[in-house]
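Down below is the structure, laid out as structure tokens.
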Amino acid sequence: MDRLMTKTFDPADIKDLIGTLSALVADHADELTALDSAIGDGDHGHNMKRGFEALAADSDAIAAKPLGEALKAAGMKLVMTVGGASGPLFGTLVMTLGKEIGETPDRTAFNTAFRKAVDSVAARGKSEKGQKTMLDVLYPIADALDAGADGAGVVRAANAAAEATVSVLATRGRASFLGERSVGHMDPGSRSVALLTAAIADFMEKRR
Ligand code: ADP
Ligand code: MG
């Protein structure tokens with residue numbers, strides 16, 4: 001991951017990544033919706049699919065921008081199109097990353113920007129780690145990055161963290177309305193983050 005962070009992203013890379021993520025989300029929409037049906041209102045897969053399709057439809061314009069601006073525009077698009085609770089939160093994550101990342105971030109700069117982006121999700125969601133939300137995966141990713149994990153290590157941390165949400169009692173988001181009945185199901189937003197992380201890591205690995 002070190003080298004890829006120092007390599008400039010060109011428009012073709014950004015467009016390619018958006019297309020990959022959009023296809024991934026579409027492939028997993030039913031799975032995400034099933035998770036959200038168990039402990040929420042069953043719209044998470046649909047929300048994500050709609051937002052990432054909108055992102056893909058706009059990918060030429062987004063990809064033409066420098067990295068930071070492209071991320072800000074992508075985040076804005078997600079806020080406007082994903083909807084639900086997760087849209088503004090994913091959007092905030094990506095917009096803040098765009099604000100903080102700089103044009104050719106080295107690994108340390110990327111890690112710092114990523115943690116700020118995760119903190120901005122917590123601020124926006126008035127939430128913290130341990131409440132059975134996407135933060136339960138985002139913070140472990142930030143920790144793995146800071147610990148120097150490679151792409152595969154970050155993906156392992158994300159998957160393990162998503163899996164670990166199964167046994168957590170939800171105290172934020174719609175699932176918290178279920179109280180004890182939220183235990184025994186994976187948090188849908190956490191699954192989304194783990195899926196996206198695996199695809200991004202794979203993309204980074206390929207362009208080394
Ligand atoms: P909604 O809950 O409005 O139907 P979604 O189904 O699209 O929205 O997204 C639900 C996901 O959003 C949850 O699985 C959780 O990961 C995340 N989420 C919800 N509320 C919060 C919050 N306050 N902070 C962080 N993440 C949250
Ligand atoms: Mg929902």
For the chain, take the longest principal axis of its alpha carbons; what is the angle in degrees between that and the long axis of helix 107-125, to the nearest 10 within 0 to 90?
40 degrees
Rounded to the nearest 10, the angle in degrees between the Cα long axis of helix 44-57 and the longest principal axis of the Cα atoms of the chain comes to 20 degrees
Out-of-range pairs (alpha-carbon distance over 31 Å; input K77/K132; K65/K206; K65/K129):
K65/K129
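Looking at the chain, identify the longest residue range that excludes and avoids all GluC sites (Glu not before Pro) in DSSP loops having at most 16 other Cβ atoms within 10 Å.
Working: sites that count: E103, E128.
That would be 1-102.
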Taking Cα atoms, how many degrees apart are the long axis of helix 188-206 and the longest axis of the chain, rounded to 10 and kept between 0 and 90?
20 degrees
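Counting helices only, and only those DSSP H runs with n ≥ 4, report the 222 nm mean residue ellipticity of the chain as the sum of -39,500 (n - 2.57) divided by its residues, in deg cm²/dmol to the nearest 500. Can you show the working numbers first?
Details: 10 runs with 148 residues, N = 208.
About -23000 deg cm²/dmol.
Take the solvent-accessible surface of the protein heavy atoms, probe 1.4 Å, and return the percent of it on the chain that carbon and sulfur atoms account for.
Working: 5180 of 9360 Å².
C and S atoms contribute 55 percent here.
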Reachable lysines from K72, Cα under 17 Å, same-chain residues fewer than 8 places away excluded?
K15, K99, K116
Report the Cα centroid-to-centroid distance between region 10-37 and region 121-197 in angstrom, as an integer.
18 Å
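The values are calculated or read from the model by the stated rules, or taken from the named source; none is laboratory data. Treat the numbers as computed from the prediction; the structure is a model and nothing was measured. No Cβ is skipped: glycine too gets one built from the backbone with ideal geometry, and neighbour counts run over all protein chains shown. The protein model used for the area step is the full one, side chains on, heavy atoms only, and it has no ligands, DNA or RNA in it. Shrake-Rupley method; radii C 1.70, N 1.55, O 1.52, S 1.80 Å.
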